[in-house]
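Participant: Here it is, the structure in full.
The values are calculated or read from the model by the stated rules, or taken from the named source; none is laboratory data. Fair warning: this is a prediction, and the values are worked out from it, not measured in the lab. Counting neighbours? That spans all protein chains shown, and the Cβs are built from the backbone with ideal geometry, glycine included. In case anyone asks, the SASA skips ligands and DNA or RNA and just uses the protein heavy atoms, side chains included. Shrake-Rupley method; radii C 1.70, N 1.55, O 1.52, S 1.80 Å.
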Amino acid sequence: MQSAGISPDDIVYWRWEFFTLNATIVYTWVVMALLVFLSWIITRNMSSEPEISRSQNMLEVLVAGIKDQIEEIARRDAKPFLPFIGTLFLFIAFSNLLSIVPRYQAPTGSLSTTAALALCVMVAIIWYGIASHGLTGYLRQFLRPSPLMLPFNILGEFSRTLALAVRLFGNVMSGSKIGMILLAVTPLFFPVLMDGLGLLTGMIQAYIFAVLATVYIASAIHGNSPDKN
């Protein structure tokens, strides 16, 4: 069974009692499987010799680029954050870039996917914050500059997590719907243009999400007090 909607959650392939297999689940696993397969293909014959393959060279350039961006934002060694931030970037980038494939539905066009990614960022913020300051030190940050700010600081943590999810979902969903409208109006000209625009915006959204995640994690690590800035 398949039904169309504005979200990949609405495209249902199979339903049995309480379990529903929709496009969000299917294409999330497709993206994950593709990333795992490509990672295995590229890294199975890695070499430390001066002459390396093109795929290894591309991988090293990508990893170095992500590492440099993290260090520029966080102002510290990127190694503890590189696996998490890099995975976020690659998953969102591939999810969006595959939109040029016919009948593919980007899982990032589902609020459930973007909310899950934002929750992962929130957990990472707490994890790295506690690892850097200890539990007491991390919780003390919510009392600054005054204990009266505790509820507002907590609310701020949840609101920026919600903003991450809604921003990514809204941009991906609105972009795909605008593309559908333009294709319906001028189907002979806009397909190529929209494919190119989709590639560009997909990378931009992945970059913005990864940058914001890095900023939030760095903020939790450095703390908000003047002596830690």
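Participant: Suppose we take every Cα in segment 72-135 and form the convex hull; what volume per residue is that in Å³?
Facilitator: Numbers: hull volume 5.5 nm³, N = 64.
Per-residue hull volume (Cα only) is 87 Å³.
Participant: Sticking with the crude label model, points 7 Å out along Cα→Cβ, report the distance from E71 to R167 in nm, one decimal please.
Facilitator: Label-label distance for E71 and R167, simple model: 2.5 nm.
Participant: Given H placed 1.01 Å from N in the peptide plane, which residues other than close sequence neighbours of Y13 have an amide H under 5 Å from its amide H?
Facilitator: L21, N22, A23
Participant: If you roll a 1.4 Å probe over the heavy atoms of the protein chains, what accessible area per residue do you get for segment 1-125, in Å²?
Facilitator: Details: 7630 Å² over 125 residues.
With all protein chains present, segment 1-125 gives 61 Å² per residue.
Participant: Let me ask something else about it. If you bin the C-alpha pair distances of segment 1-72 every 5 Å from 0, what whole percents do you get?
Facilitator: For segment 1-72, the binned pair fractions read 3, 13, 15, 13, 12, 10, 9, 11, 9, 4, 1, 0 percent.
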